[in-house]
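Throughout, read-outs are computed from the coordinates displayed, never taken from laboratory work. Please read all numbers here as calculations on a predicted model, not as lab measurements. In this analysis, Cβ positions are derived from the backbone assuming ideal geometry, glycine residues included, and neighbour counts consider all displayed protein chains.
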Amino acid sequence: MIEGAAQLNAKLAKLERGFDGIAKQVASESVGDVQDAVRSDIGDLSMSGWVRGKPIELKAMVARDSKPGEAAVVPFGRTVGQFRVLESGRNSDGGAGGFQGPGINFRTGRTSARARATGKGGSTKGRRWNGRTEGKQTWSDARELIGQNLGKRSSKALHQVMTKTF
């Protein structure tokens with residue numbers, strides 16, 4: 001009887017260790033949902049016009065700094081800005097227009113009357129206006145796709161761990 005309890009305890013410990021990998025497995029399978037959302041909004045996985053001659057490929061990844069039993073799907077590398085533009089649009093808040101700080105005369109280097117006490121320094125030219133676009137809610141669509149497939153993926157991963165353990 002004691003041997004059976006020891007074996008059951010060992011199997012339960014193995015099952016507990018297997019639970020840590022379930023979240024990461026489900027998150028890694030959900031990365032494809034982000035790519036599907038991007039494809040449905042812009043047709044492919046790249047955004048041109050950000051860096052000359054180099055379209056930026058939009059991908060997602062599983063966050064590396066997650067705790068055991070937790071996982072998060074986040075934009076890959078430095079594509080956070082592109083995903084923000086796809087979600088809420090470019091210059092949706094007005095962006096480059098309006099008051100930019102004290103104006104500088106670039107010929108003389110002097111600032112206008114609103115400048116600091118020294119009369120020098122202040123802001124430079126405003127950034128180039130590149131238009132305004134509407135958001136496509138791409139990240140929200142991806143989150144919805146992940147939510148739809150989460151139950152199916154997590155039950156499949158749990159079944160695999162339990163089958164491997166028992």
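Do the alpha carbons of any pairs in K136/K156; K59/K164; K14/K59; K54/K156; K67/K164 sit beyond 30 Å of each other, and which pairs?
Details: K136/K156 32 Å; K59/K164 32 Å; K14/K59 33 Å; K54/K156 39 Å; K67/K164 23 Å.
Beyond 30 Å between Cα atoms: K136/K156; K59/K164; K14/K59; K54/K156.
Classified by the C-alpha gyration tensor, the stretch 1-98 has a prolate form. Its axis ratio a/c, with a ≥ b ≥ c, is 1.5 or above, and a/b is larger than b/c.
For S46, the residues whose amide H sits under 5 Å from its own are L58, ignoring neighbours fewer than 5 places away on the same chain, with H placed 1.01 Å from N. Each peptide in 20-30, 2-12, 50-60 receives the mean, over its residues, of other Cβ atoms within 10 Å, and ordering these scores from highest gives 20-30, 50-60, 2-12. Using a Cα-Cα cut-off of under 13 Å, which aspartates and glutamates could be cross-linked to K24, ignoring same-chain neighbours fewer than 8 residues away? Filter leaves D65, E70.
The string of couplings for the stretch 61-71 from the Karplus curve (6.51, -1.76, 1.60, θ = phi - 60°) is 8, 8, 4, 7, 9, 7, 7, x, x, 10, 7 Hz, one whole number per residue in order, with x for Gly and Pro. Residues in the stretch 4-18 carry Karplus couplings, in order, of x, 5, 5, 5, 5, 4, 5, 5, 5, 5, 5, 5, 4, 5, x Hz; the curve used is 6.51 cos²θ - 1.76 cosθ + 1.60 with θ = phi - 60°, and Gly or Pro positions show x.
Once backbone amide H atoms are built at 1.01 Å from N, F76 has K59, A60, M61 as its partners under 5 Å, excluding neighbours fewer than 5 places away on the same chain.
In sequence order, the stretch 37-44 has phi-based couplings of 5, 5, 4, 5, 8, 10, x, 9 Hz under the Karplus curve 6.51 cos²θ - 1.76 cosθ + 1.60, θ = phi - 60°, and Gly or Pro positions carry x.
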